[in-house]
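**Q** Just dropping this structure here.
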Amino acid sequence: MPDPAVPVTPARAPADDLWSIDEGALAVFARQLEAPQPHRAWYQLRREAEHVALVPGFDRLITLGGHAIKELPHQIDVVQRVLRQMGGRAILADEVGLGKTIEASIIYRELAIRGLARRTLILTPASLVGQWQGELEQKFFQRFETPTDPDDWQRVTKAIVSHDRARSRRHAEEILRHHWDLVIVDEAHKIKSHRGATYKFIEKIERDFLLLLTATPLQNDLRELYNLVTLLRPGQLGTWEEFRAAHLVGGDHRQPKDPESLRALTHGVMFRTRRASVVDDLDLPPRRPRHPEVKLTKAEADLYERTTQFLRRLYREGFVQHEDEEGEAEDGTSRRRTGKGMVQLAMIHLRQRLCSSSKALAESLEHLAEGERIKPEYRNIARQLAGRARKVTTHAKLNVLTKVLKETPDRVVVFSDHRPTIELIEQRVNTLRPPRTPIVYWGALTGPERDKRIRAFHDDERSVLIATRAGSEGRNLQVCNVLVDYDLPWNPMVVEQRIGRVHRIGQKREVHIVNLAAAGTIESYILHLLDKKIKLFELVVGELDLILGEFGGAQKFEVRLADEWLAAENDEDFARRVETLGLDIERSSATGREQEQLNSIIAPDDNATRLARRFESLSVPARLRLGLGTSHVVKAPGWEAKRQRLGVHVTELLEALESIEPIGG
């Protein structure tokens with residue numbers, strides 16, 4: 001029998017038959033099966049291929065069972081309508097946080113499994129390239145490359161690249177040499193100007209299918225909406241002069257003259273799901289934040305003050321530099337770090353560890369003292385501060401955490417992003433009486449070891465999971481409902497992601513969020529902004545991005561906060577700067593909500609609301625597919641409640657899945 005590891009090149013389906021299954025691929029599988037005792041993998045592949053071959057067109061979605069996510073009903077419906085009714089060309093305009101990336105990824109998978117998306121290009125802002133690549137690999141098991149050299153395009157067929165790099169001269173030349181089956185443009189509102197270089201570049205790309213992802217297709221001017229729709233489907237809205245005469249109110253370029261007639265035009269190209277119509281489906285319990293007082297010991301407070309003055313001195317010398325200052329050059333290549341920029345990561349690490357623990361701070365100070373990029377004077381100061389940090393033996397935060405753990409009989413998740421701090425917490429948990437089991441969970445663990453530790457956390461009701469951000473990514477921890485932020489990240493999105501590990505679909509209990517912010521430190525200011533200005537602990541899905549959108553996003557918040565803190569002359573000066581920062585956040589929130597309301601005026605009927613109205617008319621199998629969004633019913637959170645609501649037995653449910661019919665069929 002041929003070796004399954006050896007690639008076999010099947011014959012390509014006829015170019016003029018876009019909807020056919022590649023018969024050549026099936027022939028290869030058939031030949032393998034004729035060999036004696038074929039490997040079981042070939043049987044499974046053949047079975048999957050036959051399954052694909054039996055699906056006519058897009059009457060049924062066939063990749064849902066192969067994702068590491070639980071798709072929501074509105075996402076499935078969007079995918080089906082884009083593929084069935086819009087020919088794979090659409091603006092996905094769901095409100096922020098409702099899964100446009102997931103929708104686009106499922107559309108890609110449905111096209112790809114049918115042989116219709118062999119060449120796929122994803123254009124996104126530079127800051128989101130890594131996120132797209134990670135989500136496609138972790139959630140959809142698809143490996144996309146991120147070309148950095150123009151010569152890479154000769155071999156790449158699945159690529160993610162930033163807007164700026166793609167339109168740079170040499171990269172653009174190579175991209176435009178090829179015909180692309182599918183092009184996905186994320187943050188499409190950033191290319192809204194028809195005179196912009198990125199817009200003109202995308203116009204030139206030869207493609208069959210095009211998806212534009214944006215929560216705000218209209219921001220400041222209806223011309224922006226016209227440009228996006230025209231890029232997607234030229235002629236849909238007529239000429240600009242015709243559109244302006246029919247839909248613009250004189251003197252106001254944002255308000256449509258006749259919203260109803262504009263919605264009728266966008267209905268054929270745009271989808272928008274509103275947060276209010278989805279939040280009930282998520283069925284998430286309330287968040288209950290707690291901020292117990294943490295008062296530093298005299299030694300800790302002295303160390304904090306001295307280290308703060310040291311960091312501010314380095315900032316004035318120009319040693320503190322931020323990631324967004326090291327972007328791409330105009331030709332799409334990465335800029336090289338300057339000598340001072342080489343100290344950047346050490347400075348950021350030091351800043352982040354300032355309020356974590358003296359043990360973590362000592363490690364970073366010692367690392368800085370060993371460097372050669374700063375003056376000997378500064379290395380000596382770093383060494384002296386590290387010595388002070390090593391002498392701290394009483395930890396105020398640790399004592400408050402001990403009290404929280406003694407008051408909480410159930411499981412607890414404690415988050416810290418710093419390994420020395422995690423070791424300190426682990427030692428303390430080991431001393432508790434009655435005993436509790438510390439389970440350390442960080443990025444350095446192997447996959448099997450991570451699974452083993454998560455199982456141990458599930459099995460032990462009194463265990464304490466001590467986790468880093470890297471270690472907990474992608475893990476569902478809703479078996480627990482108490483979360484402790486031992487150190488507060490400066491980036492609000494990281495805080496939200498931590499909460500999301502326990503406050504997610506399937507969580508039935510109130511989620512308690514305990515924030516250990518030391519009084520009189522930068523953490524107390526961060527907590528004030530998160531709680532009072534951003535109102536992070538009251539938000540529903542997607543609202544953080546909405547609130548910080550005009551501000552520049554969560555990473556911009558972190559950079560701005562760090563700059564204001566380092567530039568401040570004293571605590572009073574920093575307090576004034578934080579007040580200004582809070583006012584800017586409030587303005588950003590107001591602008592974001594105004595834009596969201598404006599875009600809802602011009603968008604078609606709410607997708608989720610329309611779906612709910614349609615649900616009652618569907619047959620039981622169709623309801624199951626629509627309501628659960630995956631063939632793995634028995635693994636889906638809440639499946640038992642939905643089964644009872646539908647009035648079907650388990651056997652009927654499973655039989656229905658075996659003979660599932662198309663939705664609406």
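**Q** Carbon-plus-sulfur fraction of the accessible area of the range 81-151, 1.4 Å probe, in percent? Working shown, then result.
**A** Details: 1060 of 2340 Å².
Looking at the range 81-151 in its full context, I get 45 percent from C and S.
**Q** Next question, about the same structure. Applying the Karplus parametrisation 6.51 cos²θ - 1.76 cosθ + 1.60 with θ = phi - 60° to the phi angles of the range 98-115, what ³J(HN,Hα) value in whole Hz is obtained for each residue in order, glycine and proline being reported as x?
**A** 9, x, 4, 5, 5, 4, 5, 5, 5, 4, 4, 5, 5, 5, 5, 5, 8, x
**Q** On a full-extension model of 0.36 nm per residue, what is the gain between Glu242 and Arg428, subtracting their alpha-carbon distance, rounded to one decimal in nm? Intermediate results must be reported in sequence, preceding the final value.
**A** On the way: separation 186, 0.36 × 186 = 66.96 nm, distance 7.14 nm.
Computed gain between Glu242 and Arg428 is 59.8 nm.
**Q** Skipping prolines and chain starts, which residues have an amide H placed within reach, meaning under 5 Å, of the one on Arg207, given they are 5 or more residues away or on another chain?
**A** Trp180
**Q** Quick check: net charge around Gly238, other residues with Cβ under 15 Å of its Cβ, Lys/Arg +1 and Asp/Glu -1?
**A** Values: positive: Arg223, Arg233, Arg244, Lys257; negative: Glu241, Glu242, Asp258.
The answer is +1.
**Q** Taking the Cα-to-Cβ direction at Lys556 and at Lys295 and moving 7 Å from each Cα, how far apart do the two end points lie in nm?
**A** 4.0
**Q** So what's the gap between the Cα centers of the range 167-199 and the range 391-439, to the nearest angstrom?
**A** When both Cα centres are located, 50 Å separates them.
**Q** Using 19 Å as the cut-off for backbone N distance, which residues of the range 349-392 belong to the label zone defined by a point 7 Å from the Cα of Lys403 along Cα→Cβ?
**A** Under cut-off, by backbone N: 356-357.
**Q** Short version: ³J(HN,Hα) in whole Hz for each residue of the range 168-181, in order, from phi by Karplus 6.51 cos²θ - 1.76 cosθ + 1.60 (θ = phi - 60°), x for Gly and Pro, what are they?
**A** Working through the residues one at a time gives 5, 3, 5, 5, 4, 4, 6, 4, 6, 6, 10, 9, 9, 5 Hz.
**Q** Now a separate question. For a quick check: with amide H placed at 1.01 Å from N, whose amide H comes under 5 Å from Ile160's, ignoring anything fewer than 5 positions away on the same chain?
**A** Ile122, Glu145, Thr146
**Q** Just to confirm a number: summing +1 for Lys and Arg and -1 for Asp and Glu over residues other than Pro434 whose beta-carbon lies under 10 angstrom from that of Pro434, what do you get?
**A** Working: positive: Lys406, Arg433, Arg436, Arg462; negative: none.
Once all neighbours under 10 Å are counted, the net charge is +4.
**Q** Still on this structure: So how much slack lies between Glu372 and Arg509, counting 0.36 nm per residue of separation and subtracting their Cα-Cα distance, in nm? Mind showing how you got there, number by number?
**A** Numbers: separation 137, 0.36 × 137 = 49.32 nm, distance 5.20 nm.
Computed gain between Glu372 and Arg509 is 44.1 nm.
**Q** On the full set of protein chains, 1.4 Å probe, figure out the accessible area of Ser524 and give it in Å² to the nearest 10.
**A** So the heavy atoms of Ser524 present about 40 Å² to solvent.
**Q** Filter the chymotrypsin sites (Phe, Trp or Tyr not before Pro) in the range 109-177 down to the DSSP loop ones having no more than 12 other Cβ atoms within 10 Å, then list what survives.
**A** Answer in residue order: Phe141.
**Q** Right, something else. Show the residues, 5+ positions off or on another chain, whose built amide H is closer than 5 Å to the amide H of Leu248.
**A** Lys257
**Q** Once phi is turned into ³J(HN,Hα) by the Karplus curve 6.51 cos²θ - 1.76 cosθ + 1.60 with θ = phi - 60°, what whole-Hz value does each residue of the range 258-269 show in order, with x for glycine and proline?
**A** My calculation for the range 258-269 gives 9, x, 5, 6, 5, 4, 4, 6, 7, 4, x, 9 Hz in order.
**Q** Still on this structure, I have one more. Within the range 547-575, which residues have the backbone N less than 18 Å from the label spot 7 Å out from Arg316 along Cα→beta-carbon, could you tell me?
**A** 563-575
**Q** Hey, another quick one. Excluding Pro376 itself, calculate the net charge of residues whose Cβ lies under 13 Å from the Cβ of Pro376, where each Lys or Arg counts +1 and each Asp or Glu counts -1.
**A** Values: positive: Arg373, Lys375, Arg379, Arg383; negative: Glu370, Glu372, Glu377.
Counting the neighbours of Pro376, the net charge comes to +1.
The values are calculated or read from the model by the stated rules, or taken from the named source; none is laboratory data. Predicted, not measured: the structure shown is a model, and the values here were computed from it. Using ideal geometry, Cβ is built from the backbone for each residue, glycine included, and neighbour counts are taken over all protein chains shown. Quick note on the areas: whole protein, heavy atoms, side chains included, nothing else; ligands and nucleic acids left out. Shrake-Rupley method; radii C 1.70, N 1.55, O 1.52, S 1.80 Å.
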